[in-house]
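Derivation of every value follows stated rules applied to the coordinates shown; laboratory data play no part. Predicted model only: the values in this text are computed from it and were never measured. In this analysis, Cβ positions are derived from the backbone assuming ideal geometry, glycine residues included, and neighbour counts consider all displayed protein chains.
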Ligand code: NAD
C-alpha cells in the first residue's frame with residue numbers, strides 16, 4: 001500500500017500530475033479553490049478536501065502546483081493553510097516561485113517541523129499529460145530516494161541541489177531561455193513574413209539550420225501558424241517567471257540586458273493581449289505593430 005499524498009492546485013499542470021499519482025496507486029486527497037477541479041479528480045478516485053489545512057491533515061506528504069508566490073505563501077502559511085495540518089511532514093512545491101520565496105518559506109515551515117522541498121517542473125502541459133516533465137528537485141541527499149520514486153511518476157527527476165532555492169534558480173534559467181526563444185522567434189518570423197517569405201518555409205529552413213529552438217520546433221508550428229494559441233501557459237505566468245529571473249540575477253549582480261528586453265515584451269503582452277491569454281500570443285504584439293500575421297497555409 002502506497003502512502004497517502006495530498007495534492008493542492010489542480011490546474012493546467014496540477015490536474016494531469018495528480019492523475020498520474022492516482023494511476024500509480026497513491027491514495028490522493030485533493031484541494032483547489034475551483035470546485036469543478038476537485039470533482040474531476042474525485043471522479044478518478046481521489047478524496048476531496050475542504051481546505052489546504054484539511055488536505056495536510058490527511059497525508060504526511062503534500063504536493064502543490066499553484067500559480068504565484070503570493071498564492072503559495074497564502075496556501076502554505078495563511079488561515080486554513082498547510083502549516084496548520086495535523087499530519088503533514090513534507091511539503092513538495094512544484095510551482096515556480098523564485099529562490100528567495102522558496103528559502104523564506106522553507107525557514108517558516110521548518111519552525112513547525114515541516115520540511116519544504118523545492119521542486120519546480122518544466123515541459124509544459126503536454127509534458128505533464130505524458131508524464132515526461134523535467135523535475136528540478138532540490139533536497140537533502142537522504143531524501144532523494146523516496147522523492148525520486150514519488151516524482152518519477154510525473155517525469156524525470158534531476159537532483160540539482162540540496163538547499164531550497166536551487167531548484168528555482170535552475171527553473172528560472174530554463175524559463176528565461178524558453179521566453180527569450182519565443183520572443184525573438186516572434187520578431188524573426190514577423191520580419192520574414194513582412195519581407196515576403198512563407199512562414200512554413202521559414203520554419204523548415206530554420207529547423208534545418210542554426211536558428212532552431214523550442215519556439216521554432218514546437219510552439220510556432222503547433223500554436224502560432226495554426227492560430228490556435230493553446231499551449232496552456234499564460235502570459236502572466238511567463239511574465240512572473242522572467243520577473244523572478246531578473247530579481248535573482250540582479251541580486252547576484254549578473255547583467256540582464258537581454259532578459260530586461262524580454263520582460264518588457266511580456267509586460268506589453270499582458271497589457272495589450274491579456275494576462276490570461278496563452279503565452280504564444282506574444283507574437284501578436286509584434287504582428288500588431290508590423291501589420292502582418294504569421295499564419296500557416
Ligand atoms: P493554473 O492557473 O492552470 O492552475 C493553478 C491552480 O491553482 C488552479 O486550478 C487554481 O484554481 C488553483 N488555485 C489558485 N489559488 C488557489 C488557492 N488559494 N488554493 C487552492 N488552489 C488554488 O496554473 P498552471 O499553469 O497549472 O501552473 C501552476 C504552476 O506551475 C505555476 O507556478 C507555473 O508557473 C508552473 N508551471 C506551469 C507550466 C505550464 O505550462 N502551464 C509549466 C511549468 C511550470
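Looking at (1) in a helix (DSSP H, G or I); (2) away from the ligand (no atom under 16 Å from the Cβ), find the lone condition where residue 226 falls short.
Here residue 226 meets the rest and fails (1).
Could you check the range 21-43 and list, in sequence order, the residues that are within 14 Å of the ligand (Cβ to nearest atom) and either under 18 Å from residue 131 (Cα atoms) or surrounded by fewer than 16 Cβ atoms within 10 Å (Cβ to Cβ) (or both)? Walk me through how you get there before you give the answer.
Of the range 21-43, the ones within 14 Å of the ligand (Cβ to nearest atom) are 29-41.
33, 34, 35, 36, 39, 41, listed by residue number.
Just the residues that are more than 10 Å from the ligand (Cβ to nearest atom) and either outside any loop (DSSP other than H, G, I, E, B) or at positive phi (or both), please, taken from the range 83-97.
83, 84, 90, 91, 92
Being under 30 Å from residue 100 (Cα atoms) and buried (at least 20 other Cβ atoms within 10 Å of the Cβ) is true for just one of 203, 244, 252. Which residue is that? If you could, list the steps in order and put the result at the bottom.
Numbers: 203 fails: under 30 Å from residue 100 (Cα atoms); 252 fails: buried (at least 20 other Cβ atoms within 10 Å of the Cβ).
Exactly one of 203, 244, 252 is under 30 Å from residue 100 (Cα atoms) and buried (at least 20 other Cβ atoms within 10 Å of the Cβ), namely 244.
Would you confirm whether or not the range 182-192 contains a residue that is under 20 Å from the mean Cα position of the chain (by Cα) and within 21 Å of residue 8 (Cα to Cα)?
If we filter the range 182-192 for residues that are under 20 Å from the mean Cα position of the chain (by Cα), which is where we start, we get 182-183.
Checking the rest, the ones that are also within 21 Å of residue 8 (Cα to Cα) come to none.
Scanning the range 182-192 turns up no residue that is under 20 Å from the mean Cα position of the chain (by Cα) and within 21 Å of residue 8 (Cα to Cα).
From the list 129, 143, 149, which residue is in a helix (DSSP H, G or I) and closer than 30 Å to residue 216 by Cβ?
Values: 143 fails: closer than 30 Å to residue 216 by Cβ; 149 fails: closer than 30 Å to residue 216 by Cβ.
When all the criteria are applied, what remains is 129.
Among the residues of the range 125-147 satisfying the criterion of being surrounded by fewer than 21 Cβ atoms within 10 Å (Cβ to Cβ) and within 13 Å of the ligand (Cβ to nearest atom), which is farthest from residue 95 (Cα to Cα)? Steps first, answer last, please.
Initial filter on the range 125-147 (surrounded by fewer than 21 Cβ atoms within 10 Å (Cβ to Cβ)): 125-127, 129-132, 134, 140-147.
Filter once more, so that each one left must be within 13 Å of the ligand (Cβ to nearest atom): 125-127, 129-130, 132, 134.
Values: 125: 13, 126: 16, 127: 15, 129: 16, 130: 18, 132: 16, 134: 13 Å.
Looking at the filtered set, the residue picked out is 130.
If you check 156, 162, 214, which single one turns out to be within 16 Å of the ligand (Cβ to nearest atom) and within 27 Å of residue 109 (Cα to Cα)?
156
Restricting to the range 102-124, and then to whatever is touching a residue at least 60 places away in the same chain (Cβ under 8 Å) and within 16 Å of the ligand (Cβ to nearest atom), can you tell me which residue is surrounded by the most Cβ atoms within 10 Å (Cβ to Cβ)?
Residues of the range 102-124 that are touching a residue at least 60 places away in the same chain (Cβ under 8 Å), as a first pass: 102-103, 121, 124.
Pick out the ones that are also within 16 Å of the ligand (Cβ to nearest atom) and you get 102, 121, 124.
Details: 102: 28, 121: 25, 124: 21.
That would be 102.
I'd like the residue in the range 66-80 that is more than 8 Å from the ligand (Cβ to nearest atom) and not in a loop (DSSP other than H, G, I, E, B) and, out of all such residues, is surrounded by the fewest Cβ atoms within 10 Å (Cβ to Cβ).
Residue satisfying both the conditions and the ranking: 70.
Evaluate the range 44-65: report whether one residue or more is within 13 Å of the ligand (Cβ to nearest atom), in contact with a strand residue (DSSP E or B) (Cβ under 7 Å, 6 or more places away or on another chain), within 29 Å of residue 251 (Cβ to Cβ) and part of a loop (DSSP other than H, G, I, E, B).
no
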